[in-house]
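Data block below; observations after.
Just so it is clear, none of the values below were taken in a lab; they were calculated from the coordinates. All values derive from a computational prediction rather than experimental measurement. Here the Cβ positions follow ideal geometry from the backbone for every residue, glycine too, while neighbour counts run over all protein chains shown.
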Amino acid sequence: MIRILGDMRDGVGESPFWNPDDGAVWSVDITGKRILQRHLGSGETQAFATEDLPTALALDAEGGAIVSFAGGVARWRDGRMDTLIAVEADPAMRLNEGACDPSGRMWVASMENNLTPDLQPRSQERARGRLFRIDGDRATAMSDAEFGIPNTMVWSPSRDRFYLGDSLRNTIWVWDYDDSSGEIANRRVHVSGGPGIPDGSCIDTEGCLWTARFGAGRVIRYDPDGQPEREVLLPARNPTATSFAGPEMTTLVVTSARFGLDSPSVADGAMFAVDTGIVGHPENRFRS
């Protein structure tokens, strides 16, 4: 069964994060410039406006969150922002994907900005985004300048794999991951091609990746070898990110986008809840 959570629609919904403490799924709407709290049961939604474009978030253990914005990373609590660090100095760049590793360190990835100041589509000149790990008050570059639109930032339940994708290259890679040091190595292709392009992903307790396929109206579950295992078809053309939620962690939550669509349907931009019968792995919380 697929149901829509609430009446609010996102321009570009991203980064769903289940919070069992309030029974809500938190997320961001990039082009809507807001952080959202949707109750999983009722769909009741509360929105918190932001000045900059919020691109991803991870909740912390103190009732707040760490949020990546276009211009940097900040702590957020009760609508108040405290800037932590500016990651990319070049004004032509912005942050896109972000998530916390199993030890609670925030990771973000950048891209050449594809939006004008008045939120119109802008052509990118080249792929030059980088992957960063936030260490205290500084950002450590973990890659060369190579990504077009970085997406899918996930760690395996066994804490020995790290996944990152690039929507422009229609590819998701996997690295070996050392949780004690936060280092990654031995990069190889995990998924290449397929319907639509890869956007956000989450992982279940069996180590399978659930990836939103932007432009293809579906989520694909890939097994640990990168083989498609099942599909969830959605009534929205552009699903953007996934996460697991609910008391049993078997509800797949999917954000979507209506930005850029000439004739969006009533479901485009909605957040969906899908009963899967498979137990998902919780998102990693930020630990300062």
Separation in nanometres of the label points that stand 7 Å from Cα toward Cβ, at VAL279 and SER123: 5.1 nm
Residues ASP199, ASP90, ASP179 arranged by fewest to most Cβ contacts within 10 Å: ASP90, ASP179, ASP199
Net charge contributed by nearby residues that have their C-beta within less than 12 Å of TRP173 (K/R +1, D/E -1): +1
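Among 141-151, 50-60, what's the highest-first ranking by average C-beta atoms within 10 angstrom per residue? If you can, show how the numbers build up before the last one.
Values: 141-151: 18.5, 50-60: 22.0.
Descending packing order for the listed peptides: 50-60, 141-151.
About the Cα centre of the range 137-240, how large is the charge dipole given +1 on each Lys and Arg Cβ and -1 on each Asp and Glu Cβ? Please answer in debye to the nearest 20.
Values: 11 positive and 16 negative charges, 96 e Å.
That gives the range 137-240 a dipole magnitude of about 460 debye.
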Which of GLY64, ALA127, THR211, positive extreme of dipole for the chain (C-beta unit charges): ALA127
Dipole of the chain, positive direction: furthest Cα of GLY165, ALA74, ASN114, with charges on the beta-carbon: ASN114
GNM top mover of VAL274, VAL253, VAL266 - the chain, alpha-carbon springs below 10 Å: VAL266
Distance from the range 27-43 to the range 197-229 (C-alpha centre basis), Å: 22 Å
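Counting Lys and Arg as +1 and Asp and Glu as -1, each charge on the Cβ, what is the dipole of the chain about the Cα centre in debye, to the nearest 20?
Working: 29 positive and 42 negative charges, 87 e Å.
The dipole of the chain has a size of about 420 debye.
If you place +1 on the Cβ of every Lys and Arg, -1 on the Cβ of every Asp and Glu, and leave all else neutral, what size is the dipole of the range 19-136 about its Cα centre, to the nearest 20 Debye?
Working: 13 positive and 18 negative charges, 57 e Å.
Here the size comes out at about 280 debye.
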Contour minus Cα-Cα distance for VAL266 and GLN227 (0.36 nm per residue): 10.8 nm
Among (1) 0.98; (2) 0.92; (3) 1.03, the entry derived from the coordinates for Rg/Rh (Cα atoms, Kirkwood Rh): (2)
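Report the relative contact order of the chain, percent, no decimals, based on alpha-carbon pairs under 8 angstrom and at least 6 residues apart.
Numbers: 841 pairs, mean separation 51.4, N = 288.
About 18 percent, as a whole number.
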Selection from ALA245, ALA257, ILE278 lying farthest towards where the dipole of the range 215-288 points positive, charges on Cβ: ALA257
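Under 9 Å from the Cβ of SER103, count the other residues' Cβ atoms, weight Lys and Arg +1, Asp and Glu -1, and hand me the total.
Values: positive: ARG105, ARG159, ARG287; negative: ASP101, ASP179.
Spelling it out: positives minus negatives among the neighbours equals +1.
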